[in-house]
Amino acid sequence: MSKAVGWRVLAVACGIYGGLYLYERLSWTNKAKEAAFKRQYVDFASHKLRLIVDLTSTNARHQAKRELHLAHKKLSTEVENFSDTLVEEVKQLDSDINRLDFITTEARKLKNRANNLGNVLNKFHETFILNPWDEPN
């Protein structure tokens, strides 16, 4: 292989590779290891936190939907019960109004009859009690 490429090119490539290896080996200190570990840990923790937040928000959204659905059902039931009660009260009030109208009409009739009877009695009183001896002309 050295004949096809040349020993100088091969030596330069090996030198560059060796230099890079030596540079990495010397720069990979405890401080660099710690920084790389921290970076990896931050990436891992932020990924896990994103998953937890997504899961929590999804669960919260579903729970809020359930709560709203239950509240809607409860309110619908309350409104239906209230409307039924209101309809019954309106029917009762209508029957009371009809009964009071009938009583008022009957009271007017009785008042008119009492007035007529009073008029007849006054006429009788004037005619027969006050002037019993007057002769009618």
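Some values worked out for this structure:
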{"item": "Check on residue 13, of a type outside the set (Phe, Trp, Tyr) and at pLDDT 95 or above", "result": "no"}
{"item": "Verdict on residue 79 being modelled with pLDDT of 95 or more and within 28 Å of the chain's Cα centre (by Cα)", "result": "yes"}
{"item": "The stretch 1-50, residues that are over 60 Å from the mean Cα position of the chain (by Cα), surrounded by 10 or more Cβ atoms within 10 Å (Cβ to Cβ) and small (Gly, Ala, Ser)", "result": "2, 6, 11, 13, 15, 18, 19"}
{"item": "Given (1) surrounded by fewer than 10 Cβ atoms within 10 Å (Cβ to Cβ); (2) within 52 Å of the chain's Cα centre (by Cα), index of the condition residue 92 fails", "result": "(1)"}
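The values are calculated or read from the model by the stated rules, or taken from the named source; none is laboratory data. Since the structure is predicted, the reported quantities are computational estimates derived from the model, not experimental observations. Here Cβ is always computed from backbone atoms with ideal geometry, including for glycine, and neighbour counts include all displayed protein chains.
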